[in-house]
Each structure stands twice: as structure tokens, then as C-alpha cells.
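Comments concern the structure below.
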Amino acid sequence: EELEASRSNEQKYIQELENANKELRSFTYIASHDLQEPLRNIKMFGNILMEREKEQLSEKGKQMLDKIALASTRMQKLIEGLLSFSRIQNYTDKLQNVDLNEVLAEIILAHDEDIQNGSLIVESTPLPIVNGIAFQLNQLFENIAGNAIKYSRPGIVTRLKISSELIKGASMPCAGAEPEKNYYRIGFTDQGIGFEQKYALRIFEIFQRLHGTNEYSGT
């Protein structure tokens, strides 16, 4: 009876957690959309005021308008980040075979200008076909490639190397891997600024940053 009661309570807590997560995702999506319209108005009227009344404004007034514009742009980026996060959380596509070579080809095409001007070099071994969600894998590759460019060292060409190998779960440095199961490990290597290991978990929390917005863009 005690075991049955424990299982019942566990299922109850799991269901409550799932409901809370659904409500949080819905709140994030709705709040982000509802914030868009007033923010657009703030930016629009600020731009109109700067264009039409610029000559009438004092230097301090112009500086304050500039700060409003910067704050509005920052808030726009945060809203876009919330929407992206919400879309990832609500993505319910079924798993399918995804050719990572095709995913990489899309990323290379998106950064063609950086490659053509010599600021980015991408090298890759043949990548496997995996069972996953194409949208999420594409976003993962794009974020990693984008970070390699953004956090590159000044004066050094960004060289992004991508590799793949098949390994046993016992060699995986992450919890939950089954020791005898085979996994593909995809490696991304660049020579960017890096980060101290003590921040390794923090940088994957939503909207956590190690640098100020004046140093590097993004959320």
C-alpha cells in the first residue's frame, strides 16, 4: 500500500510539473507577443521625435533619446530571445533522419559573406545521419558557428573545425548515457576567447551572460 501510494504521489507530481511547464511556455509566448506592440510604438515615436524635433532639443535631450533607443533595441533582443526559447520548447515535430552534412551546408550558406571575405574558414569531416529534429539541429549548429565568429580573437581568422566519431556511452562525459550503446560525438573546435570552466554550466542557462552588452551583442 505504501509503494502504491508513493507511485500515485510521484505521478501526481509529474503531472503537476508538466502542467506548470505548459503554463510557463504559454505565458512566455503570449507575454512576448503582447510586449511587441508597445515596444514598436516607443521606438517609432522616439525616432519621430529625433527626426522632427532634433534642432529644438538640447544636447542632454538628444542623449536621453539615444538612451531610449538603445534600451528599446536591447528589449527587442530580449523579446526575440524569449520567442526563440518558446518555439524550441513548443516544437513537437516527430524525430526523423537528419543529414548533418545538409545542416552544415545551410550554415555555410548563411555565413557565405564571412567565408568570402576571409574572416571565416569552415573545415569538416563527413558527418552522420542522425535521428532528431532538423529545426533544432540547425539552430544548434547556427548558434555554435555564430558564437565562434562573435567570440573570435581580434586579428585572427576564425577557423571552425567540425568532426564526428562513433563512441560507446561509457566514454560519454554526460549523465544518462547507456554504457554499451553507440553514440555520435560531434566536436566543434575554434580558437576563440573561450571561458573559464567554472562558468561552463552558467552559460547554458537562459539569458545568462559573461560579458556586458557593450562588449558582445546577443542575449
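Data for the structure
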item: Centre separation in Å (Cα based) which lies between the stretch 139-172 and the stretch 180-199; result: 7
item: Summed side-chain charge close to Gln191 - residues other than Gln191 whose Cβ falls under 14 Å, Lys, Arg +1, Asp, Glu -1; result: +2
item: Anchor Lys94: lysines whose Cα lies under 30 Å away (excluding residues fewer than 8 positions away in-chain); result: Lys12, Lys22, Lys77, Lys161, Lys168, Lys181
item: Probe 1.4 Å, protein heavy atoms only - accessible area per residue of the stretch 141-195 in square angstrom; result: 64
item: Net charge contributed by nearby residues that have their C-beta within less than 13 Å of Lys12 (K/R +1, D/E -1); result: -3
item: Aspartates and glutamates with Cα under 13 Å of Lys43, excluding same-chain neighbours fewer than 8 positions away; result: Glu51, Asp66
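The values are calculated or read from the model by the stated rules, or taken from the named source; none is laboratory data. Small disclaimer: the values here were computed from a predicted structure and weren't measured. We place every Cβ from the backbone using ideal geometry, glycine too, and count neighbours over all the protein chains shown. Surface areas here come from the heavy atoms of the whole protein model, side chains and all, with no ligands, DNA or RNA. Shrake-Rupley method; radii C 1.70, N 1.55, O 1.52, S 1.80 Å.
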